[in-house]
Amino acid sequence: MNASAHNVREELSRRGFLVLAGSGLGVAGSVYLGGSAASAHPDAIHVRDFGAVPDDGIDDTAALRAALAAAITRGRPTTVLFDAGTYQLTPDPDGGASLPISGAVGLTLVGAVGADGRPSTRLVGGLPLANDIAPATQFTLTDCQGLTIKNFVLDYSPRATSSGEVVSVDPGADEVVVDVFENSTHFDGMRCYSANSWDLATRRLNRVMPLTIGTNPEQFANLWHSVAGGAGRRYRISGHGFSDRVVPGDGVSWHLNVVGGSYNIFALGCRDLEIENLRIHNAVGVGMLAGYGHNVTLNKVVVEPVGDLAVGPRDAIHLSNSTGTMSVTDCYIKGVRWDPLVSRSSFLRVTDAGDGRVITVAPVSAGSRALPFAAGDELTFWAGAQPSAASVVEASPLDEEGTAFRIRLSSDLPSDAAVGTLLSSAGHEWAAASLTGTTIEDNIGTALVFMNRNLRVQGCRFANNAYHDIGLGTTSAGTGSFARDVDIRGNRFEGSGWVQKYSKHARTGAILTFANNGAFTNQPYNSGITIRANSFTDLETEEFQTGIYLRNARDVTVRNNRYVDVAQRVEVDATSTQDIDVRD
């Protein structure tokens, strides 16, 4: 170790960290994919040369920051190498990230892998034993180009999640007693956010309503309290209203946090972002959010509980307002409370129609940064029997925050559009999106929420998700727009949709097209959808379950799908659909 690295090391905090046990992540024989570090990465630096040493129980945050800063300032593509083992991270006290990366070009972070190909480099954030944890983001990636992150496990210790086995239930007192799993987080007074019931024999979700749901801490005043027994890991909760949905022997998972901007990875404005062979075992909030970028590739990304029953209380992967290609391949997502995979853009609203050529628009909801506009971007105006389009000639923000824009159009404002009309921009949507070879199972949410265009879903498995497996269409006032040009082919849909997410609908489907937005009623704006050669099984637990439920859609083709134990194959809402071709 050189002198500067030694000095950095001496300045690091000596605070110890709790080390997660029983994770099954052996590091013996770990290597870098492609051979030795030197041969595989000739233009590389190693974090050990900056004082970051795994498995010593010492905070590595400053040393890792120094390594990343050195790589970025080299001014040329550089690989940063990590050894196998656990590196300890401290959350940023100002609400930023443990490891902020900004403006990097051609940067690659590479951890080690074991003999099984799984990552054996772990980045573990330290958390307090507390409820309503302050943001503890691990990575922020801002305005980077050609950034690759591969071969890492992201985790926390102690975790912001806990799990246990039900040992007794008193329905009269609305009381549930659990023994928390060994090595799971526990302390007297835990909140019980986003709790769910599990079959411990199969580690699958029990098909019951969520035990607790919501984001308002005031609704979670009933706490877990320590009681005698269970080797010091026995806890009781009363009055939370879920004693009718668990029995002794069930598993229960819950979270200590549900609100606040905390992410394992938070990426904004990145071009050509690649995440490969990454595993997330715990999230304080959302696992990964990436927005306002161009080209996102996720390969072998696994979000999965290890040791606990659940991973996090919010979305696993949330992608927004991005262009280029979205490629999600060979991934696995299990154990999140909200939606595992979301792709959306933002609705804007016409606030001033001007002379019909120069208009003023404003985002319906505030975003992480100002929305971009460029000459040639196609704008879609969601009004009339069918949406209409016009292109941007020029656009300028009316303030630094991007709360409004003046836009000159290539043609007159469409006749059906007026002040109040919602619109979206192709400059905030993928040119091509694909989800292939991926499994999404056992989540309390919609497995795939897609509100953009040009999607291909192929060779995937969706199983035992509480809501529908694929939801196509706007989900709220500010999020959109509609799904267009979608091909869903050769997938398996198994036993999901046992909670009716939208009670106003007569049914729910493993595949659902819809418009959950007060600005729309029966408009058939989801369009150009093909659902072919898929299999649907085990969809008769509830009367409302359907293989495919079509609303707010036109130009949909359904054929050559297979149905086993499905009471209702295809349901079409006649009042909000057009040109539906069903041949199953």
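Please treat every number below as a calculation from the coordinates, not as lab data. Everything numeric in this text was worked out from a predicted model, so none of it was measured. Every residue, glycine as well, gets a Cβ built from its backbone with ideal geometry; the counts of neighbours run over all protein chains shown.
Taking Cα pairs under 8 Å and at least six residues apart, what relative contact order does the chain come out at, in percent?
Values: 1792 pairs, mean separation 48.8, N = 584.
8 percent.
Is the C-alpha gyration tensor of segment 431-584 telling us rounded, prolate or oblate? Criteria: a/c under 1.5 is rounded; beyond that, a/b larger than b/c is prolate, otherwise oblate. Don't jump to the answer; show the numbers that get you there.
Working: a/c = 1.27, a/b = 1.18, b/c = 1.08.
Rounded, because the longest to shortest axis ratio a/c is under 1.5.
For segment 106-168 and segment 523-563, what is the separation of their Cα centres, given in Å?
Here the answer is 36 Å between Cα centres.
Would you please give the FRET efficiency between E304 and A353, computed as 1/(1 + (r/R0)^6) with r the Cβ-Cβ distance and R0 = 60 Å, to the nearest 0.05?
Efficiency computed from Cβ-Cβ geometry: 0.75.
Could you let me know the centre-to-centre spacing of segment 358-380 and segment 184-229, using Cα atoms, in angstrom?
Rounded to whole Å, the Cα centres lie 41 Å apart.
If r is the Cβ-Cβ distance from R406 to A228 and R0 is 56 Å, what FRET efficiency results, to the nearest 0.05?
On the way: r = 68 Å, r/R0 = 1.21.
Approximately 0.25, to the nearest 0.05.
Rounded to the nearest 20 Debye, what is the dipole magnitude of segment 131-225 about its Cα centre when Lys and Arg each give +1 and Asp and Glu each give -1 at the C-beta?
Details: 6 positive and 12 negative charges, 102 e Å.
My answer is approximately 500 debye.
Only one of the listed values, [x] 21; [y] 37; [z] 55, was derived from the coordinates as percent of Cα pairs over 44 Å apart; which label is it?
[x]
Place the peptides 242-254, 169-181 in order of packing, highest mean first, counting for every residue the other Cβ atoms within 10 Å and averaging per peptide.
Averaged packing, sorted descending, gives the order 242-254, 169-181.
Rank-order 157-164, 478-485 by packing density, defined as the average count of other C-beta atoms within 10 Å over each peptide's residues, highest first.
Details: 157-164: 25.4, 478-485: 23.2.
By packing density, highest mean first, the sequence is 157-164, 478-485.
What ranking do 572-582, 141-151 get when scored by the average of other Cβ atoms within 10 Å per residue, highest first? The partial results should precede the final answer.
On the way: 572-582: 14.7, 141-151: 20.5.
Those peptides, ordered most packed to least, come out 141-151, 572-582.
Under the definition of Cα pairs under 8 Å and six or more residues apart, what whole-number percent is the relative contact order of segment 161-255? Write down the numbers at each step before the final one.
Working: 215 pairs, mean separation 41.6, N = 95.
Dividing the mean separation by the residue count of segment 161-255 yields 44 percent.
Assign unit charges at the C-beta atoms only (+1 for Lys and Arg, -1 for Asp and Glu), then state the dipole size of the chain relative to its Cα centre in Debye, rounded to the nearest 20.
Values: 47 positive and 62 negative charges, 134 e Å.
Charge dipole, the chain, about its Cα centre: 640 debye, nearest 20.
Length gain on complete extension for the stretch A44 to V582, per 0.36 nm per residue less the alpha carbon to alpha carbon distance?
Working: separation 538, 0.36 × 538 = 193.68 nm, distance 5.58 nm.
Taking A44 through V582 to full extension adds about 188.1 nm, to one decimal.
Assuming R0 = 41 Å, can you tell me the calculated FRET efficiency for the pair V105 and D244, based on Cβ-Cβ distance, to the nearest 0.05?
Details: r = 56 Å, r/R0 = 1.38.
So, using R0 = 41 Å, E works out to roughly 0.15.
In segment 197-236, whose amide N lies under 20 Å from the spot 7 Å out along Cα-to-Cβ of A567? List them in ranges.
Under 20 Å, as judged by backbone N against the label point of A567, lie 206-210 of segment 197-236.
What lysines sit close enough to K501 to cross-link, taking a C-alpha to C-alpha distance under 21 Å and skipping anything fewer than 8 places away on the same chain?
K334
Beyond 23 Å, how much of the Cα-Cα pair distribution for segment 346-428 remains, as a whole percent?
Numbers: 313 of 3403 pairs.
Result for the distance tail: 9 percent.
Per-residue ellipticity at 222 nm for the chain, helices alone: DSSP H runs ≥ 4 residues times -39500 (n - 2.57), over residue total, nearest 500 deg cm²/dmol? All intermediate terms of the calculation are to be shown ahead of the outcome.
Details: 3 runs with 26 residues, N = 584.
Result for the chain, helices only: -1000 deg cm²/dmol.
For segment 137-143, just list the computed ³J(HN,Hα) in residue order, Karplus coefficients 6.51, -1.76 and 1.60, θ = phi - 60°, integers in Hz, with x standing in for Gly and Pro.
Here the 3J(HN,Hα) series is 4, 8, 10, 10, 10, 10, 6 Hz.
Just subtract the alpha-carbon distance of A385 and E542 from 0.36 nm times their residue separation and send over the number in nm, one decimal. It would help to have the intermediate numbers written out before the result.
Details: separation 157, 0.36 × 157 = 56.52 nm, distance 3.43 nm.
In short, 53.1 nm is gained.
From Cα pairs below 8 angstrom and at least 6 apart in sequence, can you work out the relative contact order of segment 323-430, rounded to a whole percent? Let's see the in-between values first.
On the way: 206 pairs, mean separation 36.1, N = 108.
The normalised contact order for segment 323-430 reaches 33 percent.
Decide, for segment 161-255, between rounded, prolate and oblate: order the square roots of the alpha carbon gyration tensor eigenvalues as a ≥ b ≥ c, take rounded if a/c falls under 1.5, and otherwise choose prolate if a/b is larger than b/c, else oblate. Don't skip to the end; give the middle numbers.
On the way: a/c = 1.24, a/b = 1.03, b/c = 1.20.
In terms of gyration-tensor shape, rounded.
Is segment 317-378 best put as rounded, prolate or oblate by its Cα gyration tensor, with a ≥ b ≥ c the root eigenvalues, rounded for a/c under 1.5, and otherwise prolate when a/b is larger than b/c, oblate when not?
prolate
Using the Cα centre as the reference, give the magnitude of the dipole from point charges on the C-beta atoms of segment 346-428 (Lys, Arg: +1; Asp, Glu: -1; all else neutral), rounded to the nearest 20 debye. List each step's numbers first, then the result.
Values: 5 positive and 10 negative charges, 19 e Å.
Roughly 100 debye for segment 346-428.
Quickly work out the V167-to-N216 label distance, labels modelled 7 Å from Cα along the C-beta direction, and quote it in nm with one decimal.
Modelled inter-label distance: 3.4 nm.
How many nm is it between the label spots at R207 and A574, if each spot is 7 Å from the Cα in line with the beta carbon?
In this crude spin-label approximation the distance works out to 3.0 nm.
In whole Å, how far is the Cα centre of segment 395-474 from that of segment 309-327?
Each part reduced to its Cα centre gives a spacing of 13 Å.
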